[in-house]
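The next block holds one structure in the form of C-alpha cells; read it before the comments.
The values are calculated or read from the model by the stated rules, or taken from the named source; none is laboratory data. Bear in mind the structure is a predicted one, so any value in this text is a computation, not a measurement. Cβ: placed from backbone, ideal geometry, glycine included. Neighbour counts: every protein chain shown. Note: areas computed on protein heavy atoms with side chains; ligands, DNA, RNA excluded. Shrake-Rupley method; radii C 1.70, N 1.55, O 1.52, S 1.80 Å.
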Amino acid sequence: MKIVCLGGGPSGLYLAISMKLRDPSHSITVYERNRPGDTFGWGVVFSDETMQNLKKNDPVSANIMINELVHWDMIDCHAHGEVERSAGHGFIGIGRKRMLQILHGRAMELGVNLEFEQEFNVDDLDSRFADADLIVAADGLNSKIRNANLDVFDCDIDLRPNKFVWLGTHQSFREAFTFIFEKTEYGWIWVHAYQFDANTSTFIVECQPDVYEALGFERMNHEESAETCRRIFEKYLGGHKLLTNSAHIRGSAWISFPRVLCRNWVKDDRIVLIGDAAHTAHFAIGSGTKLGLEDAISLARHLDSDLALPQALRAYQAEREIEALKLQSAARNAMVWFENAPRYVNAFDTRQLNYSMLTRSQRVSHENLRLRDREWLETYEKHLAGLALGKPVEQPVPPMFLPFRLRGMALKNRVVVSPMSMYSAVAGLPSDWHLVHYGALAQGGAGLVCTEMTNVSPGARITTGCAGIWNDEQEAAWKRIVDFTHASTGAKICLQIGHAGPKGATQKPWESSVSDAPLTQDGWEVIGPSAHPFAPHSRQPRAMTRDDMIRVTAEHVAAVERADRAGFDMVELHAAHGYLLSAFITPVLNKRKDDYGGSLANRLRFPLEVFTAMRAAWPAQKPMSVRISACDWLGENGVTPEQAVEIARAFKAAGVDIIDVSAGQTSTEAKPVYGRMFQTPFADAVRNDAGIATMAVGNIFEPDHVNSIIAAGRADLCCLARPHLLDPNWTLRAAAQLQYHGEGVSCPLQYQAGFEQLERNLARAADMAINA
Ligand SMILES: Cc1cc2nc3c(=O)[nH]c(=O)nc-3n(C[C@H](O)[C@H](O)[C@H](O)COP(=O)(O)OP(=O)(O)OC[C@H]3O[C@@H](n4cnc5c(N)ncnc54)[C@H](O)[C@@H]3O)c2cc1C
Ligand SMILES: Cc1cc2nc3c(=O)[nH]c(=O)nc-3n(C[C@H](O)[C@H](O)[C@H](O)COP(=O)(O)O)c2cc1C
C-alpha cells in the first residue's frame, strides 16, 4: 500500500512506524514542514499504561524512551505563600524533541521515507498525492486537511476562553509536578510545571483573558512574554530564565485551546484523521500525545486486518472515538476547573485548593487520593473536621459525616434525602404510606430528609396523588410524620413547598407511558407565566394576572405557617423543573411582556416576591432553601449556568440560606449531558461564585462521591434521591462501609446489631478484595 502521512508529529511518525512493523512492503512517506530538530513545545507526560501499550506495539522505540523517562510521584500546589505536597500520583515524562528524534530514528531504520521542510496544501491531495492509496491527516491542532472539510468531518471546534503559553526553563522541578498560583495587580495567573529531562522543565503559564489583556501579553513578542512571566514567577525560578520555542506561532506566543471534536474521521475512503487533527484533549490532563500514539496503533492494526480499506478505516474510528470522547469528557472538567481557577484560589485555603485541583476531572475521588497518599488525605480530613467542629481533632472524619448548621438547624451530616413525589396522597392528604416512607428514611441516617413537593392548593398539584398543605387535616398528617422524625431519629425534616404551574393536572408517572401526559378527565385549569404549554401535548396554561399572583403568594405564605405549626425544621421553595416559579424564571416558558417577563431580573420578580413573603412568615431561627434549575440544557436559549449564579445572588439577597442546585426539566427540547455527579459543577459555581451554601444533586450515589464533593468545597450538602428509594438506610450503610462510629450518624438502637454485622461483612469483603 502507498501511504502518505501528512504531518511528522508523534501521531504521523508512529503510524508510519506501526505500519512498517506490520508489513515492511508498504511504501510510506511522511511530509513535515519543520526541520528534524525543530519543535514547538517542551515535554510530554505519559502514564505507565501508555508506555505498556507502546512497548507491546514497538518494544524497540518504547525501550529507548523508557530508559530516558523522568518519573515524579508528587504534586506541589503553591498558593497564598504556602505549598501543599501530596504523593502517589505517578507521572512519567520525556522531551517532545527527544521523543520525535527517537521516532525519526526508528522510522528511518524501518524504511519510512521522511521528507522534512515540505509544506503541503489541500490542493496536493488530488495532485501531488493523487496516487496514494491512503492519506493520513496527522497535521495536528490546526489541520489544514480537516479545516478545508469541516462539514465532511462533521467537526465542532470550541475555542476556549483562557490564554496559555508553553514555555521552558532550566529551573529544576525534579521532585514534583508543580502548580503555582500567583496574584498580580490585575488578577490570578498560574503555572503547570514539570521536568522532562536532566535539566529542562515545561513551564505552561495560563490566565483568564482579562488578565492576559491587562498584563499586555497581546502586544508582546515571544521574548517579552517570557521575560514578563519570569518576573511574575521569579521566586520559583531560582535565577533561571524562561525560554520560548514557539516560533511557528505568529504574533503573541499565547494561544487559546480549541477543543476539536470530529464526528467523522474518514473522507472518500482514502483520507483519515489521526491525533490532534481528529480530536484534542486539554493539557490539564496531558493526554494529547497518548491519544495520538494510541490512534496510530489502532489504525495500523485495523489496516493490517482482513478488512477492506473502507471498513478498516471505519472500524478504526469506531474504536478510537469512544476513547477520545472519554478523555475529552474528563479533560473538559479539568479544563473548566482551570478556566475558573480564580474562583477556587479566592474561595479556598491552600489545602482545599489543592484537593479541589487534584479532583478537578471528577475521575480522581476521595478514596483514590487515600490510596495515593493516606497520610496527606487524613491530615486534610482532620483539617476539614477542625474547621467544621471549631476545634482541633485527633482522628480523621469522613467529610460526609461532618456537621453543618443553617441558622438554628444543626445537621448531623451532609447527606440529604432529595425531594421525591410519591403520588400516593388522596386529596393532598399524606397517608400511612407517607409515615412509613419518611419514617424509614429518617431512621436511615441522612442528616436531613426533604419531603416531596407539597402543594399550596388543589390546583397547584402535578397529579391527583400529590401531597398538599392547604388544610388542617393535611397539616395534622404532616405533624405526625415530623413528630416521629424528631422523637425517634437524629434527622431534621424539610418541607418542599411548590406549585405545579404549567406542568399541573397530569397523570401519575405510572399511569401513562408519555411523561407529563395531561389528565384525560377530572383535570383542572392550569396557570403559568404565559399561555405557553410545557410540551406540545400539554394543557395550555392561562397566563397569570396580578390577582393570581397575589392569591398564589398568599397560598405559599399559608403553607409556610402550616409548616411551622407542623414542626418542620426547614422549608424549601420549589423553583425548579418547569413548575410555576421555574416557569417564570426560564425564558422558555415565560413570554410575558410586562414587568414579570423579559430580562432575568423581571423573570425573577414573582419568585422573589413569593420567597420574600414566605421568609417573613417563617421563624427567623429556621432556615429556608430554594431549589433551582441551574441550566435548561438549551445553550443560550435557556437559563445558563452563569445565569444560575445571578439567580442565586438574587435569592441570597432576599434571605435564602442554601440553594438546592438541580437542573433541567424545563423543556422537552433540552439536551442534558448525564454522568456521575453531572449537576455538581453547577452547585460548585453557585457556591463559590455567589458565596452561598449549596446542595448538589443528580447521580450522586456512592459515599465516595459525597466525600469528594464536600471535601472539594463543591457543595455543602449532597442530595440523593433514587439511591434512597430502595435503600432508606443509605447513610447507615455508608457509615458501616467507612467503619465510622462518631457523632455524624445515629443508628436506631433497635437496629444496632444489623449495623455491626454489616460493618463486619463489608470489612471482610474489602479484605478479600485486596488479597484477591
Ligand atoms: C501547551 C500544550 C501542552 C501540552 N502538553 C502535553 C502533555 O503534557 N502531554 C501530552 O501528551 N500532550 C500534550 N499536549 C498535546 C500534544 O502536543 C498534542 O496532542 C500532540 O502533539 C498531538 O500529536 P499530533 O502528531 O497529532 O500533532 P502535532 O504534534 O501537532 O503534529 C502535527 C505536525 O504536522 C506538521 N504540519 C501541520 N501542518 C502542516 C503542513 N501544512 N505542512 C507540513 N507540515 C505540517 C506540524 O509541523 C507538526 O509537526 C500539549 C499541547 C499543548 C498546546
Ligand atoms: C420518583 C421521583 C420523584 C421526584 N420528585 C421530586 C419532587 O417532588 N421535587 C423535586 O424537587 N424533585 C423531585 N425529584 C427529583 C429528585 O429530587 C432529584 O433531583 C433527581 O432524582 C436526581 O437525583 P438522583 O440522581 O439522586 O435520583 C424526583 C425524583 C424521583 C426519582
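Numbers below:
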quantity	calculated
Order by protection proxy (mean Cβ within 10 Å, highest first), peptides 496-505, 24-33, 453-462, 237-246	496-505, 453-462, 24-33, 237-246
Reciprocal mean inverse distance between Cα atoms of region 53-142 - Kirkwood radius, Å	17.2 Å
Sparsely packed trypsin sites (Lys or Arg not before Pro) within region 581-677, loop by DSSP, other Cβ within 10 Å at most 10	K593
Mean Cβ count within 10 Å, highest first, over the residues of peptides 253-263, 745-755	253-263, 745-755
Length gained when the stretch E82-E319 is fully extended (0.36 nm per residue, less Cα-Cα span)	80.9 nm
Cα-centred dipole magnitude for region 609-729, charges only on beta-carbon of K, R (+1) and D, E (-1), debye, nearest 20	260 debye
Exposure of R764 as accessible area (Å², to 10), given a probe of 1.4 Å and all protein chains	130 Å²
The chain: antiparallel DSSP beta bridges as a percent of all, rounded to 5	50 percent
Accessible-area ranking of M614, M74, largest first, probe 1.4 Å	M74, M614
Accessible surface ranking that places the most exposed of L114, L441 first, with a 1.4 angstrom probe	L114, L441
Charge dipole of the chain about the Cα centre (unit charges at C-beta), most positive-ward option of G428, L114, M453	G428
Rough spin-label spacing in nm, given labels placed 7 Å along Cα→Cβ, for R231 and A198	3.5 nm
Only Lys, Arg (+1) and Asp, Glu (-1) charged, at Cβ; the chain dipole about Cα centre in debye	980 debye
Separation of the E185 and H170 label points, Cα + 7 Å toward Cβ, nm	3.3 nm
Translational D in µm²/s for region 47-97 (Stokes-Einstein at 25 °C, 0.890 mPa s, Kirkwood Rh from C-alpha pairs)	193 µm²/s
Angle in degrees between helix 48-57 and the longest Cα principal axis of the chain, rounded to the nearest 10	40 degrees
Projected label distance in nm at M768 and S515, using a 7 Å step from Cα toward the beta-carbon	3.9 nm
Probe 1.4 Å, all protein chains present, accessible-area order of E49, E84, largest first	E49, E84
Dipole magnitude of region 143-243, debye to nearest 20 (Cβ charges: Lys/Arg +1, Asp/Glu -1, about Cα centre)	340 debye
Helix 374-389 vs. the chain, principal-axis angle (Cα, 0 to 90°, nearest 10)	30 degrees
Expected-Rg normalisation [2.2 N^0.38 Å, Cα atoms] applied to region 237-332	1.35
FRET efficiency estimate (nearest 0.05) - Cβ-Cβ, Y674 to N602, R0 30 angstrom	0.40
Probe 1.4 Å, accessible area per residue of the chain, Å²	40 Å²
Model label zone, D548; criterion: amide N under 15 Å from point 7 Å along Cα-to-beta-carbon; scope region 493-517	499-505
Largest to smallest principal axis extent of the C-alpha atoms in the chain, angstrom	88, 59, 55
Backbone N within region 723-742 under 17 Å of label point (7 Å from A440 Cα along the Cβ vector)	723-734
For region 619-690, alpha-carbon Rg relative to the globular expectation (2.2 N^0.38 Å, N residues)	1.14
Accessible-area composition of the chain, carbon plus sulfur, in percent [1.4 Å probe]	50 percent
P(r) tail fraction, region 475-600 - alpha-carbon pairs more than 19 Å apart, %	57 percent
